[in-house]
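Here is the structure we will look at.
Every read-out reported here was derived from the displayed coordinates using simple, explicitly stated rules and does not represent laboratory data. Every value quoted in this text rests on a predicted model; they were computed, and no experiment measured them. We place every Cβ from the backbone using ideal geometry, glycine too, and count neighbours over all the protein chains shown.
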Amino acid sequence: MHRIKIGKSRFLPIIFYPITILSLLLMFGCAPQRGEEDLSELDSFKMAIRAKYDLKEQAFRENDVDSIINKFYSDDAISTDNEGNTHIGRDGLKPVYEEVIVANVRIESFNTFVKGDAGWDWANFHVTFPREMGVEPFTFKMLFLWERVNGQWWSNGEMYVLGEFDLSDKSNSH
């Protein structure tokens, strides 16, 4: 058995230099960075929910309540509106959409988070009506809650208030 003499041994630096260099390489670029993994997960989530938002926008243009209810929301979705009323499940949401389906909507993500099979998205939900209705356009600040079930993302909750996020400051966007 060989002993390494700590003190004035000339072999000690030879052992620690490779360990130090390897540690630095792993810390600064050779190992996958946590941010890169999260970014990939976040980008994938953003693409998936953007597709759901596109579906919802198209369904509004086509006055298609059933597509919104059955392809966007989970069975047990909970929605709390700007007046504090809560609507639970697809059956609870359907009358709300039957009332407002004549509007057109545009959804802009503002701040998005995902971890595994759960995520949320703060968004501007712009609502416009046909001119002949004489209703002024408005925007909701919305929080969409998302859950991935069997590989597919479903909105399983939302809350909204009147107002609009300032999207000119992109530093708040993830």
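Given R₀ = 22 Å, FRET efficiency for Phe113-Gln58 by Cβ-Cβ distance, to 0.05? Could you put the intermediate results ahead of the total?
Working: r = 26 Å, r/R0 = 1.16.
The computed FRET efficiency comes out at 0.30.
If the chain linking Met133 and Asp91 were pulled fully straight, counting 0.36 nm for each residue of separation and taking away their Cα-Cα distance, it would gain 12.4 nm.
P(r) tail for the range 38-172: Cα pairs beyond 19 Å make up 50% of the total. Placing R0 at 22 angstrom, the Cβ-Cβ distance between Gln152 and Asp76 gives a FRET efficiency of 0.90 after rounding to 0.05. Computed packing ranks the peptides 137-145, 77-85 as 137-145, 77-85, most packed first, by mean other Cβ atoms within 10 Å.
Between Val100 and Ser40, what is the FRET efficiency for a Förster distance of 41 Å, r being their Cβ-Cβ separation, to the nearest 0.05? If you can, show how the numbers build up before the last one.
Numbers: r = 36 Å, r/R0 = 0.88.
Once the sixth-power term is evaluated, E becomes 0.70.
Most tightly packed first, judged by the mean number of other beta-carbon atoms within 10 Å of their residues, the peptides 118-125, 64-71 read 118-125, 64-71.
Using C-alpha pairs below 8 Å separated by at least 6 residues, the relative contact order for the range 38-172 is 22 percent.
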